[in-house]
Structure formats: structure tokens, C-alpha cells
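For reference, the structure is listed below as C-alpha cells.
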Amino acid sequence: MHTIGIIGGVGPSASAQFYLSLQQHNNRLAHRPHILLDSLPVPYSLEATALTKGAKLDPYRSLLIESAKQLAQGGADLITLPCNTLTCFVADIQSQVSIPVLNIIELAVNSLARNKIKKVGLLATSQTIKQSLYLNTLNEHGIALELPTAFEQRQIDQFILSQVSNAHALGSEYTPNRLLGIAERLISRGAELIILGCTDLPPLAKIPTIDPITLLAQESLRLISQPKKTTFHL
């Protein structure tokens, strides 16, 4: 049996949504997927300063690497990180474990390229945008990017922080009008669809979107459905 390892807790709502997505999209296996989830003990102060004040993300690196090592030692066959912002550390994580570490941003952009999308809007944290995590990958495929205004971005960051830090947000699909308005304005400026570039963002009713967390679940299930390679020793 293949096992999916999840680095969770960044934030809890995203981890819960990803777990449920794995269950909902499991049409390749004859059984429930085998999952190991390690929920990181992230300090609340670190979440708040990273999301709203642009504090450096370096303190996350060691937490992520240690989590990946524990998951690998526990029997995981691949590592998933259902967080767009911390994807900047995927290469660091991969350098410390011998099993694959999936990249949620690459999966999303590859899907856009396959569907011949030419321009997208992005709802994400300021950290994700500042690091050009989507911009660089989109540029490689010739896909243009439309971003919110500075004022709109502050509203997005505050909303994401409320989702990450508020346990009542777990499972909630309520989308505030201000978030819908930002997405609609991105569409009016030429975006063909909106990337939900933070796994703590809710669905956007009647607005075309791409949800990276769903793509991460689908790819994880595809990989564990493949037969394991057998190593023969002479």
C-alpha cells in the first residue's frame, strides 16, 4: 500500500480541506487512501506577522524539513504540502528526503498550460506574490498574470489570517462580498479565471477558478495508485 504524507497545520483549515479532497477524489483505489498527517506546532505570532507584516518565512524551514523527515521515516511514499506560500521551501525539503515532494504551484500552472489559458488572476497572500512563486512559473509557460491592487491585497491578507487563526473557519464555504468583488475586477481586467492561490480561500460562486488543492489531491492519488517498483538485489 502506498502512503501519502501531509505536512499540515499551515493552516489547519487547509489541511482539513486537503484531507477531505483526498477522500472525495479517490476513484483510483479499491480502499481509502493511506495517509500520514503531521500537523506543525506553528506559533500564532509567526502566522500573524508572516501574513500581515511580511515577516521572513525562514523560521518555517526547519519545521517543514523535520516534518518531512518524520513522515518519510513513518512510511510515507510521497510528501505533500497543502500551502502555496511555503512552496518556496519545497526544494529545501526535497534535498533532505529521498521520496518525492509535490509542488502545488507547478501542478496548477501545468494545468493552466494544458488548457491553453493565456491570462489569469491571482488571489494569494502577499508573501506568495512577493516571492513571485506564481509569476515565475506562469512566465515559463507564457501565461500573463493580473494581480489585485495594494488596497485589495491588504483585504485578502486580513481575510486569510482570519481563516488560518479562527477554528470556526474550518469547513466554512462562506465567501465575503469584498473577496468576490476583487475576483470580479480581476476578470474585468482580462483574467480568464482566478487561481485560488491560498489553500485557506473558499470557493468563489459563479466565478471561473482553478483550485490547486484539488489538483494536489488528484496527483497524490494518481501517484499512489501506480504499482510500486521492486528492487532486485543480485
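The fraction of all Cα pairs in the chain landing in successive 5 Å bins from 0 to the largest distance is 1, 6, 14, 19, 20, 17, 12, 6, 3, 1, 1, 0, 0, given as whole percents. When the chain is treated as a Gaussian network with alpha carbon springs shorter than 10 Å, the biggest mean-square fluctuation among VAL101, VAL42, VAL90 belongs to VAL42. With respect to the chain, whose longest principal axis is taken over its alpha-carbon atoms, helix 104-114 is tilted by about 70°. Within the chain, the longest run free of trypsin sites (Lys or Arg not before Pro) that sit in a DSSP loop with at most 13 other Cβ atoms within 10 Å is 119-188.
Accessible area per residue for segment 105-211 is 48 Å², calculated with a 1.4 Å probe on protein heavy atoms, without ligands, DNA or RNA.
Taking the protein heavy atoms of the chain in the context of the full set of protein chains, the accessible area attributed to carbon and sulfur is 53 percent at 1.4 Å. Cross-linked pairs LYS118/LYS206; LYS119/LYS206; LYS56/LYS116: Cα-Cα separations exceed 28 Å for LYS56/LYS116.
Mean-square fluctuations from a GNM of the chain, with a 10 angstrom spring cutoff on Cα atoms, peak among PHE18, PHE159, PHE151 at PHE151. The Kirkwood radius of segment 53-121, taken over pairs of alpha-carbon atoms, gives through the Stokes-Einstein law at 20 °C and 1.002 mPa s a diffusion coefficient of 160 µm² s⁻¹. Computed over segment 105-211, the P(r) tail beyond 17 angstrom holds 50 percent of alpha carbon pairs. For segment 17-65, the C-alpha radius of gyration sits at 1.65 times the compact-globule guess of 2.2 N^0.38 Å, with N the residue count. Accessible surface computed residue by residue for segment 3-45, with neighbouring protein chains in place and a 1.4 Å probe, gives 50 Å² per residue. Comparing segment 1-104 with the 2.2 N^0.38 Å rule of thumb, its C-alpha radius of gyration ratio is 1.08 (two decimals). When only alpha carbons are used to place a centre, segment 192-216 and segment 18-77 end up 19 Å from one another.
The values are calculated or read from the model by the stated rules, or taken from the named source; none is laboratory data. Values in this document were obtained by computation on a predicted structure and should not be read as measured data. FYI the Cβ positions are ideal-geometry reconstructions off the backbone, even for glycines, and counts take in every protein chain you see. Quick note on the areas: whole protein, heavy atoms, side chains included, nothing else; ligands and nucleic acids left out. Shrake-Rupley method; radii C 1.70, N 1.55, O 1.52, S 1.80 Å.
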